[in-house]
Amino acid sequence: MNTKTLLSLSFAAVAVAANAQYNSMNHIQPDGANLIGTPGFGVMQVFPDFPDFSGTVVDDFVSAGIVNKVGVAFEIGNPSLNFANIQGWRVSYWNSAAGAAGSGADLTGNTVATELVATSRVTYTELFGTGAFGRAFKAEMDVTHNTGAGVKWIGMAPVLEFTNNGQTFILSATNPALLGNGTANNSVGVNPLDGFGLGASIPVNTNAAYAVNSVPEPATMIALGAGLAALAARRRK
């Protein structure tokens, strides 16, 4: 087997991984049947008009290097509204929950990667009508976020005005089979400016309703292919 063939196989592996949705973490069943309102601190919101009350819930997963798709299940506190008032989604990653707690009102501090994803790039699916806090939706978006490989903490939050929309809340997963490769029941609520008076970091002890798909960085696959080619050459000798 020559180097070209091995490199082709390596890139094929990347393509297969990219098509396997949510291989890094999936806490959301398609119909949302495994979801409940997050007990305790479950807000997820970035408020330009009330920044002290911006926050989200972060949860850990194991990244392969590049995150290319994310999803989240959430409830909108005002059941008469939907996602029309959301201005975009702040998607951020940290090396620790403590880093997220110090991320500031826009959830961008201490990040290993972050992006404000335009709402035009988001696909919404209504999961169910009025729940514990309002109407529930799933938001999914294709992204390209270089987080590096290893354990990372993801936090997502819609950007919207409290005055026009009220609060939004992340949901929790109840099905252990969907945990992916993170750690169970260790999500943490973060409110960096402590507007709620609960501290910047609040243990929630649930599984936040995130879904994450990641693939290895192309350079990693090239190095792997080169290594396999060298091994094949040595065997031929």
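The values are calculated or read from the model by the stated rules, or taken from the named source; none is laboratory data. Computed from a predicted structure; not experimentally measured. Glycine gets a Cβ as well: all are built from the backbone with ideal geometry, and neighbour counts include every protein chain shown.
Observations on the model:
- If you filter the stretch 192-210 down to residues that are in contact with an Asp or Glu (Cβ under 8 Å, 6 or more places away or on another chain) and surrounded by fewer than 24 Cβ atoms within 10 Å (Cβ to Cβ), you find that the one that is farthest from PRO39 (Cα to Cα) is LEU193.
- For the stretch 184-196, the criterion of being aromatic (Phe, Trp, Tyr), over 14 Å from the mean Cα position of the chain (by Cα) and modelled with pLDDT under 95 is met by no residue.
- Number of residues in the stretch 113-159 that are touching a helix residue (DSSP H, G or I) at 6+ places or on another chain (Cβ under 9 Å), farther than 11 Å from ALA73 by Cα and at pLDDT below 95 equals 1.
- Test: VAL117 is under 14 Å from the mean Cα position of the chain (by Cα), surrounded by 24 or more Cβ atoms within 10 Å (Cβ to Cβ) and in a strand (DSSP E or B): no
- Within the stretch 27-43, residues that are crowded, with 20+ Cβ neighbours inside 10 Å have Cβ atoms under 9 Å from residues that are among the aromatic types (Phe, Trp, Tyr) and in a loop (DSSP other than H, G, I, E, B) in these pairs: ILE28/TYR22; THR38/PHE133; PHE41/PHE196; GLY42/PHE133; VAL43/PHE196, counting only partners at least 6 apart in sequence or on another chain.
- Filtered residue count, the stretch 157-168, keeping only those that are surrounded by 24 or more Cβ atoms within 10 Å (Cβ to Cβ) and among the hydrophobic types (A, V, I, L, M, F, W, C): 2
- Condition broken by GLY189, with the remaining ones in (1) within 24 Å of ASN213 (Cα to Cα); (2) loosely packed, with under 14 Cβ neighbours inside 10 Å satisfied: (2)
- Entirely in the stretch 152-207, the strands (runs of 3 or more DSSP E) that have 2 or more residues that are β-branched (Val, Ile, Thr) and in contact with a Ser or Thr (Cβ under 8 Å, 6 or more places away or on another chain): 188-190
- Scanning the stretch 48-63 for residues that are touching an Asp or Glu at 6+ places or on another chain (Cβ under 8 Å) and buried (at least 23 other Cβ atoms within 10 Å of the Cβ) yields a single hit, SER54.
- Matching entry among SER103, SER92 (being buried (at least 18 other Cβ atoms within 10 Å of the Cβ), in a loop (DSSP other than H, G, I, E, B) and hydroxyl-bearing (Ser, Thr, Tyr)): SER103
- Taking the criterion of being surrounded by 24 or more Cβ atoms within 10 Å (Cβ to Cβ) and touching a Leu at 6+ places or on another chain (Cβ under 9 Å), the only residue of the stretch 138-155 that qualifies is GLY155.
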